[in-house]
Amino acid sequence: MILVKTASEMKNITKKWKNEGFQIGLVPTMGYLHEGHRSLIRKASDENDRVVVSIFVNPIQFGKNEDLKSYPRDIDHDIAVCKEAGVDAIFHPETSEMYADGFCTYVDMTDLTEALCGKSRPGHFRGVCTVVNKLFNIVNPDKAYFGQKDAQQLAVIKRMVRDLNMDVEIVGCPTVREADGLAKSSRNAYLNEKERKAALVLYRSLLMAKDLLDGGERDSRIIIEAITDHINKEPLAKIDYVEIVDAVSLKKVDRIADDILVAIAVFIGKTRLIDNMIYEI
Ligand code: AMP
């Protein structure tokens, strides 16, 4: 496995692989790798000849008051995980390598980024689209792997690739959960014991929504109210949003007639967690 720090070296390596006829899979991450990331890496290994994992805590996708500084990092652990998973190269650039002095070119998306997390994290998806675009240009992958855990991100990246005619296939991968249902996330490391227990409220509220939908409920307002009431009963939880949107357009849905995304963002103490469920009608 090669640890690559510069864009030019990464480009040379992937160019060589392409010339040799290898298909390349890319798994973009911010590191602190867990079983969720591993599942993406496994799928990428199954479907490609060479796998690149990028590890880069992307500053431009964090808001001013967000957790850029404290975001958990452990590159030695990440290297071990990647080695064990049979990754061919880790791309781990410094911030200055990705954003040289005078950097001023961004990929901005309207519409899809205005809902859900885009509303509470202005500028977040501009940062995501820009860095993912750069990673695609540097690695030139045939396929790139993203988790359903970040449902809006997955939808946004798919749309960017379509709108900008990018030559990469986006593969969505199911959310990996802890045994008790909490979605795996690097940010779970922030939770103390009490908060960890309280965090279960996210998954439970999604199960509650599923029960209502299974029972035939098609009024979004009633489902959102049930979720909201459930989360509000947890003293450590504070809702950022609870929404039911169309699974593709991410537009709000009042009367449920097609596949939907139930998406929630909740602060547990100071930690903002997200989770979601696709419900097929
Ligand atoms: P991150 O390092 O949090 O930016 O995540 C990197 C990639 O891993 C993104 O595509 C995430 O959606 C995906 N991911 C993170 N957590 C999970 C999870 N629990 N299950 C599946 N994919 C995940």
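Of note:
- Thr175, sole failed condition from (1) part of a loop (DSSP other than H, G, I, E, B); (2) free of Cβ contacts under 8 Å to residues at least 12 places away in the same chain: (2)
- Residue in the stretch 37-48 that is under 18 Å from Phe146 (Cα atoms), open to solvent by less than 70 Å² (accessible area, probe 1.4 Å) and either assigned to a loop (DSSP other than H, G, I, E, B) or β-branched (Val, Ile, Thr) (or both) present: yes
- Against the test of being surrounded by fewer than 18 Cβ atoms within 10 Å (Cβ to Cβ) and within 16 Å of Tyr203 (Cα to Cα), the options Ala263, Ala237, Ala226 yield a single qualifying residue, Ala226.
- Within the stretch 178-210, considering residues that are of a type in the set (Ser, Thr, Tyr) and within 16 Å of the ligand (Cβ to nearest atom), the one least open to solvent (accessible area, probe 1.4 Å): Ser186
- Of all residues in the stretch 13-36, those being farther than 18 Å from Phe136 by Cα and either modelled with pLDDT under 95 or within 16 Å of the ligand (Cβ to nearest atom) (or both) number 5.
- The one condition in (1) polar (S, T, N, Q); (2) open to solvent by less than 40 Å² (accessible area, probe 1.4 Å); (3) assigned to a loop (DSSP other than H, G, I, E, B) that Ser70 fails to fulfil: (2)
- Candidate set: the stretch 238-260, residues that are part of a strand (DSSP E or B) and in contact with a Leu (Cβ under 7 Å, 6 or more places away or on another chain); chosen: the one farthest from Ser120 (Cα to Cα): Val245
- Being farther than 23 Å from Ile264 by Cα, away from the ligand (no atom under 16 Å from the Cβ) and open to solvent by less than 40 Å² (accessible area, probe 1.4 Å) holds for only one residue in Met10, Met98, and it is Met10.
- Criterion: among the β-branched types (Val, Ile, Thr), farther than 14 Å from Met1 by Cβ and either within 18 Å of the chain's Cα centre (by Cα) or not in a loop (DSSP other than H, G, I, E, B) (or both) - qualifying residue of Val57, Val51: Val57
- Of all residues in the stretch 140-167 being surrounded by 20 or more Cβ atoms within 10 Å (Cβ to Cβ), among the aliphatic types (A, V, I, L, M) and within 17 Å of Ala44 (Cβ to Cβ), the one that is nearest to the chain's Cα centre (by Cα): Ile157
The values are calculated or read from the model by the stated rules, or taken from the named source; none is laboratory data. Since we're looking at a predicted model, the values are computed, not measured. As a convention, Cβ positions derive from the backbone with ideal geometry for all residues, glycine included, and neighbour counts pool all protein chains shown. Accessible surface areas use protein heavy atoms only, side chains included; no ligands, DNA or RNA. Shrake-Rupley method; radii C 1.70, N 1.55, O 1.52, S 1.80 Å.
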